[in-house]
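Below is one structure, written out as structure tokens; comments come after it.
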Amino acid sequence: MPFQIPRGTQDVLPGETEKWQHVEQVVRSLCGRYGYEEIRTPIFEHTELFLRGVGDTTDIVQKEMYTFEDKGGRALTLRPEGTAPVARAFVEHKLYGSPNQPVKLYYTGPMFRYERPESGRFRQFVQFGVEVLGSSDPAVDAEVIALAMHIYNELGLQHIRLVINSLGDLDSRRAHREALVRHFESRIHELCEDCQARLQTNPLRILDCKKDRGHELMATAPSILDYLNDESRAYFEKVKHYLAVLDIPFVVDSRLVRGLDYYNHTTFEIMSDLEGFGAGATLCGGGRYNGLVQEIGGPETPGIGFALSIERLLAALEAEGGELPVRRGLDCYVVAVGEQAKTEAVRLVYELRRAGLRVDQDYLGRKMKAQLKAADRLGASFVVMIGDEELESGAATVKDMASGEQMKVPFGELAHVLAKRTGREE
RNA sequence: GCGACUAUGGCGAAGUGGUUAACGCACCAGAUUGUGGCUCUGGCAUGCGUGGGUUCGAUUCCCACUAGUCGCCCCA
């Protein structure tokens with residue numbers, strides 16, 4: 001094998017692309033219904049954007065970025081996530097001045113993280129995400145969550161679970177952080193190395209640690225929910241209230257922290273309940289990030305959004321045995337025997353295509369029998385056969401592949417007759 | 001970044017330190033001189049991830065590399 005695909009990337013081949021197209025179509029259609037418009041940002045950004053936006057204590061920044069220097073000496077990075085770029089575009093194009101507020105955007109495209117590939121984890125993967133900028137109405141939190149759930153429902157996913165939490169506002173977070181440090185400080189040496197480092201950088205993340213999960217300090221650790229100030233608590237209650245109104249089931253998990261620094265107030269994850277979804281069980285993750293826009297130099301603007309992985313979505317659908325579109329067959333395959341017939345076939349195939357039919361013909365010089373076989377494999381509903389006989393009589397032989405029935409149709413009427421029989425024409 | 005397992009034709013999959021690398025599917029051809037899906041017959045890897053080493057001899061043993069799968073970390 002002279003060349004191999006780079007590690008952690010994948011080709012999506014015909015037969016598979018139809019599934020992607022289907023998901024993309026559903027997603028776009030629902031976004032339209034919810035009033036979201038598409039935004040497209042570049043695949044790379046200045047590295048600084050992610051340092052500031054995502055947070056330099058995060059794993060994404062510390063060890064997962066595809067960073068490079070271009071010929072002009074600029075430090076650039078293949079985007080590891082979509083929110084910071086969208087926020088950058090929001091500020092750069094002054095969308096905060098747009099008459100339509102809040103600004104509701106969606107995006108889809110490849111993201112890049114330098115990680116060891118495993119089940120449901122790739123170095124290049126495709127995310128779909130939405131961002132709402134300019135509103136701190138808890139109803140927006142509910143809308144965003146509803147949209148994510150709606151997408152999964154629409155695609156037929158059954159076994160999913162919505163988990164939500166609140167990190168509160170800055171004051172609440174600060175109070176909680178101090179409580180955490182007080183709680184762990186004296187006995188931090190009992191926890192793993194990572195957690196010892198986290199005590200300084202991001203004590204919240206200690207709660208998320210899988211290694212120390214069983215430690216008694218974890219069970220007794222102060223819950224963020226107990227440190228929410230009145231305002232934050234009221235906000236969270238509102239979000240839960242709206243979710244209840246929408247009849248969207250959820251569970252609250254006070255340890256749902258999430259890996260990106262910019263989150264506050266509502267955070268949520270949608271996970272697959274199926275067995276065997278270890279690393280890839282998180283289908284969708286999101287939350288509110290009221291400080292982000294300001295952090296990257298824009299006006300104080302609240303925001304909330306989520307991102308989901310198309311790969312994981314498809315894997316979950318596959319695992320649940322959900323219905324996904326398969327390759328569509330041809331309407332018609334034109335079989336030709338002989339030079340003259342071949343010429344007529346070339347002409348006819350084009351004519352039928354112009355008439356809106358899905359049509360193909362043989363390009364390998366195969367015999368009639370093999371051409372029929374090819375037609376069968378391509379799922380052709382009809383085969384049009386042309387040989388000396390047909391050329392003489394001026395009528396092609398049309399075979400209905402399902403029934404095996406045959407009939408003669410004058411060349412001039414083929415387009416019309418086939419269009420009618422295949423339902424491609426009114 | 002750490003760990004485990006794996007790597008044979010287009011796909012799946014057996015196999016052995018030594019003359020011709022099973023089998024199944026797919027594909028091609030023929031039986032059928034103009035007709036697919038069924039059946040039968042025949043064809044289809046000078047090659048066993050890449051590079052070294054051990055050996056008289058390696059696809060088979062050893063090492064490295066690459067890649068895949070799964071787990072940890074973390075996440076989508």
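The values are calculated or read from the model by the stated rules, or taken from the named source; none is laboratory data. Every value quoted in this text rests on a predicted model; they were computed, and no experiment measured them. Glycine also receives a Cβ, built like all others from the backbone with ideal geometry; neighbour counts cover every protein chain displayed. These accessible areas exclude ligands, DNA and RNA; they are computed on the full protein's heavy atoms, side chains included. Shrake-Rupley method; radii C 1.70, N 1.55, O 1.52, S 1.80 Å.
Observations on the model:
- MRE, 222 nm, helices only [DSSP H, n ≥ 4, -39500 (n - 2.57), over chain A, to nearest 500]: -11000 deg cm²/dmol
- Gain in span if fully extended, A:Val252 to A:Asp171, counting 0.36 nm per residue against the direct Cα distance: 27.1 nm
- With every protein chain in place, chain A: carbon and sulfur % of accessible area (1.4 Å): 49
- Rounded to the nearest 0.05, the FRET efficiency derived from the C-beta distance between A:Ser403 and A:Gln340 at R0 = 25 Å is 0.30.
- Options A:Val346, A:Ala219, A:Phe125, ranked by Cα towards positive dipole end of chain A, top entry (Cβ charges): A:Val346
- Interatomic Cα distance distribution for segment A:1-114, bins of 10 angstrom, percent: 11, 32, 34, 20, 3, 0
- The packing ranking of peptides A:393-406, A:121-134, A:7-20, A:307-320, highest mean first, is A:121-134, A:307-320, A:393-406, A:7-20, where packing means the average number of other beta carbon atoms within 10 angstrom of each residue.
- With a simple spin-label model that places each label point 7 Å from the Cα along the Cα-to-Cβ direction, the separation between A:Asp194 and A:Val26 comes to 3.2 nm.
- Residue order for A:Lys94, A:Lys342, A:Lys369, A:Lys71 - accessible surface, 1.4 angstrom probe, largest first: A:Lys71, A:Lys369, A:Lys94, A:Lys342
- Distance-filtered residues of segment A:323-350 - backbone nitrogen under 18 Å, label point 7 angstrom along A:Val12 Cα→Cβ: A:323-328
- Rounded to 5, the percent of DSSP beta bridges in segment A:332-418 classed as antiparallel: 55
- For chain A, accessible area per residue (1.4 Å probe, heavy atoms of protein chains only), Å²: 51
- Rg/Rh ratio calculated on Cα atoms of chain A (Kirkwood radius): 1.12
- Electrostatic tally near A:Pro299: other residues with Cβ closer than 14 Å to its Cβ, Lys and Arg +1, Asp and Glu -1, net -1.
- Among the listed pairs A:Lys19/A:Lys342; A:Lys63/A:Lys240; A:Lys367/A:Lys408; A:Lys71/A:Lys104; A:Lys19/A:Lys367; A:Lys19/A:Lys420, those beyond 24 Å (Cα-Cα): A:Lys19/A:Lys342; A:Lys63/A:Lys240; A:Lys71/A:Lys104; A:Lys19/A:Lys367; A:Lys19/A:Lys420
- Alpha-carbon Rg with Dmax, taken over segment A:332-418, Å: 11.4, 29
- Zone residues, segment A:21-37, relative to A:Asp273, backbone N less than 12 Å from point 7 Å out along Cα-to-Cβ: none
- Compared with the alpha-carbon gap, the fully stretched path from A:Glu389 to A:Arg233 is longer by 47.8 nm at 0.36 nm per residue.
- Segment A:Asp137-A:Ala319, extension gain: residue separation times 0.36 nm, minus the distance between their alpha carbons: 61.9 nm
- The peptide list A:82-92, A:105-115, put in order of mean Cβ contacts within 10 Å with the highest first, becomes A:82-92, A:105-115.
- Among the DSSP helices (H) of chain A, those spanning at least 24 angstrom by Cα along their long axis with an average Kyte-Doolittle hydropathy of 0.5 or more are A:138-155; this is a geometric and hydropathy rule only.
- Taken about its Cα centre, segment A:276-426 carries a charge dipole of about 200 debye when Lys and Arg each add +1 at the Cβ and Asp and Glu each add -1 at the Cβ.
- Annotation note: chymotrypsin sites (Phe, Trp or Tyr not before Pro) in segment A:320-394 located in DSSP loop regions with a Cβ neighbour count of at most 14 within 10 Å are A:Tyr363.
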